[in-house]
């Protein structure tokens, strides 16, 4: 089936970055209460419990998930383990807007990974769309004043987010490969559960390494419990469902441009928490990012 961008697909690909923007803000807010790798483990363990009754078809022996364990293990490592753990680690030293801004390089990484590892040709309109979309992100970064770009300074969290973005590019291209167990292709909950189950195993290993190096101390509270519930349901289950469906319809390259909406949503949410109203440059950034999506999708 030829990738195609429809209104419903666009809504799916927009819902994911909106939820991920909230995930970045929550991850920043609870950074002192729980270590990053452990936060990721708690998040996906809770998501696993929620998915069990919905995707129990993945647990049936005849579905052959274990026979295809290498594929689901890699999906779990890239999309569940590495990407999210590295993002929470990045939020220890960087802000939600900066983290989502670094992730806006997704179209470039998606094009490079697709070309180098999956043999997908890069078209001029995709390059033009990437330029427009990244320009919109830069507008958010400099708050409408290009002179502020000269003051930009990278921190260790930015490097972690670059690595996370590369992992997500590989994950998204793997979603396009038609190697899934036939019984799971039409069951999104079972397909996601198969990934999350392996992802939790990877997260256990990462959290164990974190415990060995820095130790684990969790400051339990009701706000932390609410935060865990949000990141498990919204940015995890709902966003992954929306992203998976959108990417399978429109393709990873087009989907990557929608990721550039995340910094805009992060800026708007941050402004809301700080009591600041949106500015004109937010509208300009939105126009540029949407323009990049439109150009790349043609």
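The values are calculated or read from the model by the stated rules, or taken from the named source; none is laboratory data. As the structure is a prediction and not an experimental result, all values here were calculated from the model. Glycine also receives a Cβ, built like all others from the backbone with ideal geometry; neighbour counts cover every protein chain displayed.
Any residue that is in contact with a helix residue (DSSP H, G or I) (Cβ under 8 Å, 6 or more places away or on another chain) and on the phi > 0 side of the Ramachandran plot - is there at least one of those in the stretch 186-207? No, because not a single residue in the stretch 186-207 is in contact with a helix residue (DSSP H, G or I) (Cβ under 8 Å, 6 or more places away or on another chain) and on the phi > 0 side of the Ramachandran plot.
Picking from 116, 132, which residue would you name as being out of contact with any helix residue (DSSP H, G or I) (no Cβ under 8 Å at 6 or more places or on another chain), more than 30 Å from residue 41 (Cα to Cα), modelled with pLDDT of 75 or more and part of a helix (DSSP H, G or I)?
Numbers: 132 fails: out of contact with any helix residue (DSSP H, G or I) (no Cβ under 8 Å at 6 or more places or on another chain).
Selected residue: 116, the only one of 116, 132 that is out of contact with any helix residue (DSSP H, G or I) (no Cβ under 8 Å at 6 or more places or on another chain), more than 30 Å from residue 41 (Cα to Cα), modelled with pLDDT of 75 or more and part of a helix (DSSP H, G or I).
Among residues that are assigned to a helix (DSSP H, G or I) and over 18 Å from residue 45 (Cα atoms), residue 237 is not included.
So for the stretch 74-83 (the condition being on the phi < 0 side of the Ramachandran plot, without any contact (Cβ under 8 Å) to a residue 60 or more places away in the chain and either out of contact with any strand residue (DSSP E or B) (no Cβ under 8 Å at 6 or more places or on another chain) or crowded, with 22+ Cβ neighbours inside 10 Å (or both)), does at least one residue qualify? First the steps, then the outcome.
Keep residues of the stretch 74-83 that are on the phi < 0 side of the Ramachandran plot, which gives 74-83.
If we keep only those that are without any contact (Cβ under 8 Å) to a residue 60 or more places away in the chain too, we end up with none.
Scanning the stretch 74-83, I find no residue that is on the phi < 0 side of the Ramachandran plot, without any contact (Cβ under 8 Å) to a residue 60 or more places away in the chain and either out of contact with any strand residue (DSSP E or B) (no Cβ under 8 Å at 6 or more places or on another chain) or crowded, with 22+ Cβ neighbours inside 10 Å (or both), so the answer is no.
If we scan the stretch 54-63, do we find a residue that is under 30 Å from residue 269 (Cα atoms), surrounded by fewer than 23 Cβ atoms within 10 Å (Cβ to Cβ) and either touching a residue at least 40 places away in the same chain (Cβ under 8 Å) or within 12 Å of the chain's Cα centre (by Cα) (or both)? No - not one qualifying residue is present in the stretch 54-63.
For the stretch 108-130, the set of residues classified as closer than 24 Å to residue 286 by Cα, surrounded by fewer than 16 Cβ atoms within 10 Å (Cβ to Cβ) and either touching a residue at least 12 places away in the same chain (Cβ under 8 Å) or under 20 Å from the mean Cα position of the chain (by Cα) (or both) consists of 125, 127, 128, listed by residue number. Pairs are defined by a Cβ separation below 6 Å, a sequence spacing of at least 6 or placement on different chains, a first member in the stretch 190-219 that is closer than 17 Å to residue 42 by Cβ, and a second member that is not in a helix (DSSP H, G or I); the pairs so defined are 210/35; 216/35; 218/34; 219/33. Only one entry in 77, 86 is within 20 Å of residue 199 (Cβ to Cβ) and over 13 Å from the mean Cα position of the chain (by Cα), namely 77. Taking the condition in contact with a helix residue (DSSP H, G or I) (Cβ under 6 Å, 6 or more places away or on another chain) and in a loop (DSSP other than H, G, I, E, B), does residue 54 pass? Judged against the criteria, residue 54 is a match.
Does residue 47 count as in contact with a helix residue (DSSP H, G or I) (Cβ under 8 Å, 6 or more places away or on another chain), within 30 Å of residue 212 (Cα to Cα) and in a helix (DSSP H, G or I)? Yes; evaluated as a whole, the condition is true for this residue.
Residues that are surrounded by 19 or more Cβ atoms within 10 Å (Cβ to Cβ) and not in a helix (DSSP H, G or I) were ranked within the stretch 248-296; the one that is modelled with the lowest pLDDT is 260.
Of all the listed residues (205, 212, 226), the sole one being surrounded by fewer than 17 Cβ atoms within 10 Å (Cβ to Cβ), over 21 Å from the mean Cα position of the chain (by Cα) and in a helix (DSSP H, G or I) is 212.
Looking at residue 224, is it more than 30 Å from residue 48 (Cβ to Cβ) and at pLDDT 75 or above? Walk me through it before giving the result.
Numbers: more than 30 Å from residue 48 (Cβ to Cβ): no; at pLDDT 75 or above: yes.
Criteria not met by residue 224.
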